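Okay, so here's the structure we're looking at.
Just so it is clear, none of the values below were taken in a lab; they were calculated from the coordinates. Only a predicted model underlies this, so the values are computations on that prediction, with no experimental measurement involved. Don't worry about glycine lacking a Cβ; one is built from the backbone with ideal geometry, like all the others, and counts go over all protein chains shown.
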Amino acid sequence: MTSITTKNAIIHFNEVVYTELNTYIKSTNPSSIFILVDTNTHDLCLPKFLAKLESGDIVVEVMEIPEGEDHKTIDICTGVWEALSEYHADRKSLLINLGGGVVTDLGGFVASTYMRGIDYINVPTSLLAMVDASVGGKTGVDLGVLKNQVGVISEGSMVLVDTSFLETLPSNHMVSGYAEMLKHGLIYAKSYWQSLINFENLKLSDLDGLIYDSIVIKNKVVTEDPKESGLRKILNFGHTLGHAIESYFLGNADKTPLLHGEAIAIGMILESYISHKQLGLSNEDLTEISSGILKTFSKVIIPQDDQEVIIRFLKHDKKNSYGVVKFVLLEAIGQPKIDCEVSNETIIEAFAYYNSLNLN
C-alpha cells in the first residue's frame, strides 16, 4: 500500500509521502512554493508538514483561509489569487493544498485558473478529502448555498495521503468522511460495504486499508470516465437529495448546518427507498442500507414544509439535463443505474419513510 497511479497523477500513501514530495520538488525546481491552509490545519497540521518539507533555497509562503464550507466562495478565491500575485507567483510556482475538502476543492480551482494554470499538490487532512474530494480532479467553489456550481476538472501533480493527520480530526468530521466510503461500497462492491458497516468497532489503524480500498474504487471510476459523461455519474449516489439537503440547512438561519457526509447519509437512505420503489431494490437491501447508515449517523427529522423547499433546490443539481432532475439509483447493493427520473411524489414518500425509521 504505497501508491496508486491515476490518469494524470499519482496518489502516495503514508511511508512514501514525504520522500515522493521532496523528490518531486527537487526534480521540478519550482520558482516558489505556496501552502494553502485553513485556520484549523494551520495550527494542527502545518507544523508537522513543514518539518518534513525539504524546500532548499526555494521561498515558501503560507496562505490561510477561514475554515468551513461557508467560506468555499469566489470571494475567498479572489483573496488567494491576489495573495499569489502580491507574492509574485509565476507559472513555475507550486501550490500545496493542506487541508480538508474545502481547501483541496478551492485550492485546486485557484491553481487551475491562476495564470491559466500552475502545478498543485493535494495533501488531504480529513477523511472526506482523502477518499473523495482530493481524488479525481473536481475542483471548485459554491455559489451562495449551491454546492460546487463553479469549477473545473483538473488533476494536480500528486495526492499525498498521510493518515496520521486523521488524529487531529474531530469525531463528527471522521463520521462525515465515512459516508463517502459507504457510498463507494453501495455503488461498487457489496463486500466493501459490509466491511464498513461496523464503523464504531473500527480502530484508526484499521482504517488505513479501508481508505486505500475506497480510493482505489473512486480512482477506477474516474479513470474510466474523467469528464463524467457516463460511469462517473455513479459517484453521485445519495448526492442529488444530499446536496439539496446540505444547501437548505446551510442557508437557513433556523437550522444547524449539516456536514457534507451527514447530508449525504440522509440522501443515500432517501435514494435507496426511491430505488426500492422504482428499480426493485429488495426490502432486505433497503433495510440493510438504512440500518447500516443509522448505526453511525443520527436521524434528522425533516418536516414536510422543509421537504418542499429541498425539492426546489433540485433544479440546481449539476446532473440535470434539459431541466429534468437525474438520479443515480440502485438495482441492488453494488449495482447502480444512472440517469433515473423521479417524481416529486416519490421523493415525498421517501422522506416519509426516512422520518419513520427507528433502527438505532
TODO: Find, to one decimal place in angstroms, the Kirkwood hydrodynamic radius of segment 89-198, where the mean of 1/r is taken over every pair of different Cα atoms and then inverted.
DONE: 14.7
Task: Residue-by-residue Karplus 3J(HN,Hα) for segment 53-60, coefficients 6.51, -1.76, 1.60, Hz, glycine and proline x - done: 7, 10, 9, x, 8, 6, 5, 10
Open item on the list: Per residue, how big is the convex hull of segment 29-82 when only Cα atoms are used? Give it in Å³.
Closed with: 83
Task: Value at 222 nm in deg cm²/dmol, rounded to 500, when DSSP H runs of n ≥ 4 in the chain each add -39,500 (n - 2.57) - done: -14500 deg cm²/dmol
Open item on the list: What is the sum of charges, Lys and Arg at +1 and Asp and Glu at -1, for the other residues whose Cβ falls under 11 Å from the Cβ of GLY334?
Closed with: -1
Open item on the list: Apply the Karplus curve 6.51 cos²θ - 1.76 cosθ + 1.60, θ = phi - 60°, to the phi angles in segment 145-150 and return the couplings in whole Hz, x for Gly and Pro.
Closed with: 8, 7, 6, 6, 7, 10
Task: Excluding exposed DSSP-loop GluC sites (Glu not before Pro) (at most 15 other C-beta within 10 Å), longest clean stretch of the chain - done: 55-340
Task: Taking the convex hull of Cα positions in segment 111-265, its mean projected area over all directions (nm²) - done: 9.8
- [ ] List every residue whose amide H lies under 5 Å from the amide H of LYS138, counting only residues 5 or more places away in sequence or on a different chain, with H placed 1.01 Å from N in the peptide plane.
- [x] SER154
TODO: Restricting things to alpha carbons, tell me how big segment 81-125 is in terms of Rg and Dmax, in Å.
DONE: 10.0, 27
- [ ] Kindly give Rg over Rh for segment 191-344, based on alpha-carbon atoms, with the Kirkwood expression for the hydrodynamic radius.
- [x] 0.96
- [ ] Calculate the radius of gyration of the Cα atoms of segment 264-353 to one decimal place, then report Dmax, the largest Cα-Cα distance, as a whole number, both in Å.
- [x] 12.9, 38
Task: Alpha carbon convex hull of the chain, projected area averaged over orientations, nm² - done: 16.8
- [ ] Show the residues, 5+ positions off or on another chain, whose built amide H is closer than 5 Å to the amide H of ILE65.
- [x] VAL37, ASP38, THR39
Open item on the list: With only alpha-carbon pairs counted, each pair once and no self-pairs, how large is the Kirkwood hydrodynamic radius of segment 58-139 in angstroms?
Closed with: 12.7
TODO: Note down the relative contact order for the chain as a percent, whole number, built from C-alpha pairs under 8 angstrom at least six residues apart.
DONE: 14
Task: Longest DSSP-loop-exposure-free segment, chymotrypsin sites (Phe, Trp or Tyr not before Pro), the chain, at most 13 other Cβ within 10 Å - done: 88-321
Task: Compactness index (Cα Rg / 2.2 N^0.38 Å), segment 22-173 - done: 0.95
Task: ³J(HN,Hα), Karplus 6.51/-1.76/1.60, whole Hz, each residue of segment 64-72, x for Gly, Pro - done: 10, 10, x, 7, x, 4, 5, 9, 8
Open item on the list: Rounded to the nearest angstrom and ordered from largest down, what semi-axes does the equivalent ellipsoid of segment 131-196 get from its C-alpha gyration tensor (root of 5λ)?
Closed with: 23, 17, 15
- [ ] For segment 202-256, report the translational diffusion coefficient in µm²/s to the nearest whole number, using Stokes-Einstein at 37 °C, 0.692 mPa s, and a Kirkwood Rh over Cα pairs.
- [x] 239
